[in-house]
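Trainee: Take this structure, written in structure tokens, and hold onto it; I'll ask about it next.
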Amino acid sequence: MSLLAQGNVIDAIPGPPPIEAIDPAPFTIDLATGNRINETDPRYTDILTNAAKNPPPGIPGGFITDPNSVLKDIIAELTKANKNIINTYVLFVSANPVGGINGTPIVAPAPNPPPRPPMVGPNKIGGIVNIPFIRANADVKSFSAIFWIETVQNPDGSKFLQLQYTQTVILDFDNLKWPHVSVATLIKQ
């Protein structure tokens, strides 16, 4: 798979970023409204439910149902250590985003969307291209991410930069959309 994502940057906001919960459950899209409809079939949902009840060693309990909880935990640890996020730059990037994921707006799908071309032409801006094996087994049609570049002030007044991000790739298989969420916090050395 390769992708080209484009997006926007928001001017610095004061304080820490507003990190929202992200739901890793499989879903479909309501064709009338564009809203997400979470899958309820236990064949698909039990793996998340069981893992949330008994997470693997070293995995925080809330991480299974909200991967962004790890990012919020880092911010809480900074606060406890009297380190303050004094401002945050927010960058949004996406390629064929699904509404409601990583801050993208929910929009009703087109009534008769054009068929997906087998290859993306060289003049197309943005998008995702998959190898045939991926398309046949777990087609990736959507990517979106939010990057938070934070200026953190230590108790002694010194500052450092911290990058937090959440990115979501939507895998399409079994007629469902499966969010694959990656999160991380990086500190500039």
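The values are calculated or read from the model by the stated rules, or taken from the named source; none is laboratory data. Not measured: the values here are computed from a predicted model. Cβ atoms come from the backbone with ideal geometry, glycine included; neighbour counts cover every protein chain shown.
Trainee: When the residues of region 28-54 are narrowed to those that are part of a loop (DSSP other than H, G, I, E, B) and charged (D, E, K, R), which ends up surrounded by the most Cβ atoms within 10 Å (Cβ to Cβ)?
Mentor: The selected residue is Glu39.
Trainee: Okay, moving on. Confirm whether Ala25 is of a type in the set (Gly, Ala, Ser), touching a strand residue (DSSP E or B) at 6+ places or on another chain (Cβ under 6 Å) and assigned to a loop (DSSP other than H, G, I, E, B).
Mentor: yes
Trainee: Still on this structure, please answer the following. Can you report the number of residues in region 78-99 which are of a type outside the set (Val, Ile, Thr) and assigned to a strand (DSSP E or B)?
Mentor: 7
Trainee: Another question, then. Tell me, please, whether a residue that is out of contact with any strand residue (DSSP E or B) (no Cβ under 9 Å at 6 or more places or on another chain) and modelled with pLDDT under 95 can be found in region 167-181.
Mentor: Within region 167-181, one or more residues are out of contact with any strand residue (DSSP E or B) (no Cβ under 9 Å at 6 or more places or on another chain) and modelled with pLDDT under 95.
Trainee: Hey, does region 55-62 have a residue that's assigned to a loop (DSSP other than H, G, I, E, B), among the β-branched types (Val, Ile, Thr) and at pLDDT 90 or above?
Mentor: no
Trainee: Of the conditions (1) in contact with a Gly (Cβ under 8 Å, 6 or more places away or on another chain); (2) at pLDDT 90 or above; (3) not in a strand (DSSP E or B), Ile75 satisfies every one except a single condition; which number is it?
Mentor: Going through the list (1) in contact with a Gly (Cβ under 8 Å, 6 or more places away or on another chain); (2) at pLDDT 90 or above; (3) not in a strand (DSSP E or B), Ile75 breaks only (1).
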